[in-house]
Ligand code: SAH
């Protein structure tokens with residue numbers, strides 16, 4: 001069954017309705033959908049809705065909800081990634097890959113060596129679209145939260161207030177076993193630096209907040225690769 005995303009505001013009791021042109025064209029032109037056909041619709045709340053298309057016209061698509069069930073492909077752990085901002089092509093790639101892997105929340109960070117210091121409204125919309133499309137493609141049922149850009153200090157205070165394990169990926173750390181997934185289902189918070197890495201001060205400040213520097217292996221990975229390796233260790 002084809003599955004696609006529709007925001008919660010398309011749900012009305014036992015029905016899901018959309019008059020969005022792109023949804024109607026995707027159903028009629030791309031999927032050649034017929035009334036009576038079944039689809040999986042998800043709105044990002046972690047559930048999947050088995051629906052029957054009851055009406056498809058040029059102006060509206062209407063589905064009857066037949067069944068709802070938890071998403072079958074959700075990760076066991078709530079993973080928050082704190083990636084330092086990267087140039088947009090690399091950041092787009094990182095967002096897509098960590099979403100496929102099952103990250104739950106993303107807090108973009110401006111650390112001292114970031115070249116990029118903000119996300120424009122246009123870029124933010126693009127990033128959210130990339131995340132949504134990645135969830136649709138990989139069979140996820142929950143849309144990872146893309147939080148507002150945080151300063152270094154703000155990111156440290158957000159993470160230190162979180163439950164669970166906290167790590168900062170640092171290529172000079174001798175610790176690595178700590179990051180190996182050990183079956184625990186505590187939430188995990190992962191910091192990954194920018195192309196220029198973290199400063200010594202940033203590593204000390206993270207340690208002071210109980211965020212443990214860990215190695216991702218002997219090789220120096222690109223920032224976008226490191227984000228993927230770090231998340232992949234926990235899903
Ligand atoms: N200082 C590096 C550049 C940083 S790599 C250099 O000299 O080229 C970008 C980010 O990826 C780092 O800040 C770190 O968070 C992460 N990273 C890369 N390789 C890593 C490794 N082997 N172990 C832990 N983190 C790593």
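Residues in region 41-51 that are under 13 Å from residue 3 (Cα atoms) and surrounded by fewer than 18 Cβ atoms within 10 Å (Cβ to Cβ): 47, 50. Scanning region 196-211 for residues that are exposed (fewer than 15 other Cβ atoms within 10 Å of the Cβ) and either within 9 Å of the ligand (Cβ to nearest atom) or part of a helix (DSSP H, G or I) (or both) yields 196, 200, 201, 204, 207, 208. The lone criterion from (1) without any contact (Cβ under 8 Å) to a residue 12 or more places away in the chain; (2) assigned to a loop (DSSP other than H, G, I, E, B) left unmet by residue 114 is number (1).
The criterion of being within 9 Å of the ligand (Cβ to nearest atom), part of a helix (DSSP H, G or I) and within 19 Å of residue 114 (Cα to Cα) holds for residue 226.
This table checks each residue for (1) buried (at least 17 other Cβ atoms within 10 Å of the Cβ); (2) within 23 Å of residue 153 (Cβ to Cβ); (3) at pLDDT below 95.
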{"position": "53", "(1), (2), (3)": "yes, no, no"}
{"position": "66", "(1), (2), (3)": "no, no, no"}
{"position": "76", "(1), (2), (3)": "no, no, yes"}
{"position": "85", "(1), (2), (3)": "yes, yes, no"}
{"position": "89", "(1), (2), (3)": "no, no, no"}
{"position": "92", "(1), (2), (3)": "yes, no, no"}
{"position": "97", "(1), (2), (3)": "yes, no, no"}
{"position": "100", "(1), (2), (3)": "yes, no, no"}
{"position": "107", "(1), (2), (3)": "yes, yes, no"}
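Selection within region 118-156: residues that are loosely packed, with under 13 Cβ neighbours inside 10 Å and outside any loop (DSSP other than H, G, I, E, B). The member of this set that is modelled with the lowest pLDDT is 137. Pick from 217, 193: which is near the ligand (Cβ under 6 Å from one of its atoms), more than 19 Å from residue 86 (Cα to Cα) and either surrounded by fewer than 15 Cβ atoms within 10 Å (Cβ to Cβ) or modelled with pLDDT of 95 or more (or both)? Answer to the check: 217. Taking the criterion of being at pLDDT 90 or above and assigned by TED's automatic domain parsing to the domain that holds residue 222, would at least one residue in region 174-186 satisfy it? No, there is no match, as no residue in region 174-186 is at pLDDT 90 or above and assigned by TED's automatic domain parsing to the domain that holds residue 222.
Just name the residue that is modelled with the highest pLDDT out of those in region 158-173 that are more than 15 Å from the ligand (Cβ to nearest atom) and surrounded by 13 or more Cβ atoms within 10 Å (Cβ to Cβ).
158
The values are calculated or read from the model by the stated rules, or taken from the named source; none is laboratory data. Quantities reported herein were computed from a predicted structural model and do not represent experimental measurements. Because the Cβ atoms are built from the backbone with ideal geometry, glycine has one as well, and the counts that use them run over all protein chains shown.
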